[in-house]
1. Please give the number of the condition residue 146 fails out of (1) within 14 Å of the ligand (Cβ to nearest atom); (2) closer than 21 Å to residue 8 by Cα.
2. Can you find, within segment 158-216, the residue that is farthest from residue 3 (Cα to Cα) among those that are more than 16 Å from the ligand (Cβ to nearest atom) and of a type in the set (Lys, Arg)?
3. Looking only at residues that are part of a helix (DSSP H, G or I) and touching a strand residue (DSSP E or B) at 6+ places or on another chain (Cβ under 7 Å) in segment 154-208, which one is surrounded by the fewest Cβ atoms within 10 Å (Cβ to Cβ)?
4. When you go through 44, 67 one by one, which is the residue that is within 13 Å of the ligand (Cβ to nearest atom) and not small (Gly, Ala, Ser)?
5. Looking at 8, 35, which one is of a type in the set (A, V, I, L, M), more than 19 Å from residue 94 (Cβ to Cβ) and either assigned to a loop (DSSP other than H, G, I, E, B) or in contact (Cβ under 8 Å) with a residue 60 or more places away in the chain (or both)?
6. What is the number of the single condition among (1) more than 11 Å from the ligand (Cβ to nearest atom); (2) not in a loop (DSSP other than H, G, I, E, B) that residue 129 does not meet?
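Please treat every number below as a calculation from the coordinates, not as lab data. Because the structure is a prediction, the values reported are computed rather than measured. Positions of Cβ are backbone-derived with ideal geometry, glycine not excepted, and every protein chain shown enters the neighbour counts.
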Amino acid sequence: MPHPPLRLGVNVDHVATLRNARGGRNPDPVRAALLAIEAGADGITAHLREDRRHIRDDDMARLKAEIPKPLNFEMAATEDMLRIALATKPHAVCLVPERREELTTEGGLDVVGQHNALAPFIARLNDVGIRVSLFISAEPRQIEMAAKLRAPVIEIHTGAWCDAVVDGHAAKADAEWQRIVAGAALARSAGLEIHAGHGLDYETAERIAGLGEIVELNIGYYMIGEALFVGLAETVRTMRAAMDRGRRNAVSPNQAGQNQAAQNPAGKA
Ligand code: PXP
């Protein structure tokens with residue numbers, strides 16, 4: 001059976017990071033979003049953090065109004081954010097953990113520990129037809145709880161795997177990869193739609209595109225960095241090509257675990 005196509009969501013947060021460094025209007029994350037879509041992105045992701053360190057309220061409103069593709073609104077599960085999301089009506093909301101002092105979203109959401117608090121958020125977003133995803137690490141307990149909470153989608157946090165690959169920690173990279181492979185299989189059997197993101201670059205995106213159960217990757221930081229050198233459109237096209245190459249060789253999660261162990265015992269991507 002052919003695997004479903006793999007969508008690319010481009011995260012434009014760090015265009016806003018650069019803009020905010022001078023406090024003016026440029027570079028504009030909405031312009032970046034339109035350009036990314038023109039070059040082949042299937043959707044746009046933006047994270048409205050509580051401290052507004054990059055994306056701001058009016059960026060989110062303009063993204064919703066101006067982009068012709070789905071908007072994935074990342075946010076912490078707070079009443080304030082829920083109010084903004086319900087008013088913005090994005091295609092999707094991705095609930096993420098947030099700590100003010102962190103540099104980025106460092107770990108997955110603890111849906112097991114917070115299920116009582118998360119349940120009403122998920123229900124209210126489900127009720128108005130906004131697709132909810134939970135950004136979690138590929139741990140069986142978290143995945144099972146996400147399904148119990150009736151979130152239709154999980155996004156697997158790939159940060160630990162990507163860091164290990166980039167740092168050349170082969171054993172850790174292999175362990176993290178196996179965790180992702182097993183998590184994707186479990187999530188699929190629980191009926192969840194599976195996305196993945198955080199720290200992906202061309203190499204890791206191509207590798208993870210080989211997991212046929214994953215249908216969307218959300219990628220930001222690396223692409224915005226690459227765009228400084230070759231432009232955003234070229235970066236999107238190169239990422240798209242890497243994902244398509246990976247997808248052509250897609251296998252089921254079970255096969256992926258076996259292939260990884262057989263072909264590349266060191267786990268280097
Ligand atoms: N997905 C989620 C849920 C995220 O929080 C982030 C980071 O904002 C990303 C994907 C993109 O990660 P990166 O910027 O490292 O590509």
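1. That leaves (2) as the condition not met.
2. The extreme case among them is 172.
3. Top of the filtered list is 188.
4. On the way: 67 fails: within 13 Å of the ligand (Cβ to nearest atom).
One residue alone meets the criteria, 44.
5. Values: 8 fails: more than 19 Å from residue 94 (Cβ to Cβ).
Checking each option against the conditions leaves just 35.
6. It fails just one condition, (2).
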